[in-house]
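Let me begin by presenting the structure, written as structure tokens, before commenting on it.
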Amino acid sequence: MNHDLQINQNAEQTYHSIRNSIVSAQHRLSAAVNSTMVITYWEIGEQIYKACGENDRAEYGKKLLDYLSEQLTVEFGKGFTVRNLRAMRQFYCLFPIRHTLCAELSWSHYRLLMRVQDEQARTFYAEECAKSAWSVRQLERQINTMYYQRILASQDKSLVAKEIQTTEPKPEYEKIIKDPYVMEFLQIQPDTHVYEGELEQALIDHLQHFLLELGRGFSFVARQKRFTLDGQDFFIDLVFYNYILKCFVLIDLKMGKLTHQDLGQMQMYVNYYTREMMNDGDTPPIGIVLCADKGDSIVKYTLPEDNRQIFASKYFTYLPSEEELKRELNLDGFYKLEESDGNQ
């Protein structure tokens, strides 16, 4: 009996070991195929660009694309329509330096990236997508929710305007914190009243999506983290750790409009973690008050001018329109500032 059990256990272990090898090989093969496809389409785009010149829609360019599409389709099958060939040419034009292509990104990733008009935003999405291993669907969500613009809006706009040309990432808190956060994955309808406890539970139920929205480097630590001061219990709604910043991130959820008491409470939480919970090698913790609405003046005059640890961010429980996001982020003011700095 024991002998049969041992054989079954060994067989099961052997099966899983072989299965892992096969799955690993499939992943490597898929990655190799994707990488080869991307390089091939880039090379095709380069050759079409050189043959067509600047305008592939001029008479010669259109005739050339028609001819290439017809010949390639006969020999290699579907996939070489005029539309796809134009996309390959555009791919080369937008990513002209071959060695900057990311092996981690598939052709489907690049087709999405090509829809992003702003070059700096496009580069940002490509780098973040590779670093965070976003799926095509995740990349599409981040583009649709203006992830890049929300990161920029979370920082001091004058500093961003000066630093936007630099590509070297800096481990600054402001590079991580976004405002607003878009949490449409909670599937809470607009104007639906929910309590803070319900919102917290919904975030826990959709933790994987919430981590994606938070950004790179976050890992979940605790919910309703309790600590006691002078016999009084306090509870921090959510606690995360960010391995890029090497610090704890404390999050408090507020359903109504932000008050100075909310910021003061978060300041206490951060002070407690700074003095009692930091480990060797950690940087000081940061606190984020996620609120349904906030006034910039409350934040400005409640927190010290040199504040680097307390942040207030608005959240949406639905996917806002592009116009709503632009108004929320005050992008027109940012772009005007960027243009004026560029003319100096």
query = Given 100, 81, which one is modelled with pLDDT under 90 and over 29 Å from residue 210 (Cβ atoms)?
reply = 100
Meets criteria (more than 30 Å from residue 134 (Cα to Cα) and either modelled with pLDDT of 90 or more or open to solvent by 60 Å² or more (accessible area, probe 1.4 Å) (or both)) for residue 264 = yes
key: Those strands (runs of 3 or more DSSP E) lying entirely in the range 217-260 with at least 3 residues of a type outside the set (D, E, K, R) and closer than 15 Å to residue 181 by Cα   = 247-257
note = Taking the range 270-299 and keeping residues within 23 Å of the chain's Cα centre (by Cα), of a type outside the set (Val, Ile, Thr) and within 19 Å of residue 244 (Cβ to Cβ) leaves 285, 287
task = Consider residue 55 carefully, then state whether it is in a loop (DSSP other than H, G, I, E, B), over 26 Å from the mean Cα position of the chain (by Cα), surrounded by fewer than 11 Cβ atoms within 10 Å (Cβ to Cβ) and modelled with pLDDT under 85.
result = yes
note = The condition from (1) assigned to a strand (DSSP E or B); (2) crowded, with 20+ Cβ neighbours inside 10 Å; (3) in contact (Cβ under 8 Å) with a residue 40 or more places away in the chain that residue 314 misses is numbered (2)
task = Look at residue 303 and say whether it is modelled with pLDDT under 85 and crowded, with 18+ Cβ neighbours inside 10 Å.
result = no
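The values are calculated or read from the model by the stated rules, or taken from the named source; none is laboratory data. Since the model is a prediction, treat every value here as computed from it, not as a measurement. Every residue, glycine among them, receives a Cβ derived from its backbone with ideal geometry; neighbour counts consider all protein chains shown. These accessible areas exclude ligands, DNA and RNA; they are computed on the full protein's heavy atoms, side chains included. Shrake-Rupley method; radii C 1.70, N 1.55, O 1.52, S 1.80 Å.
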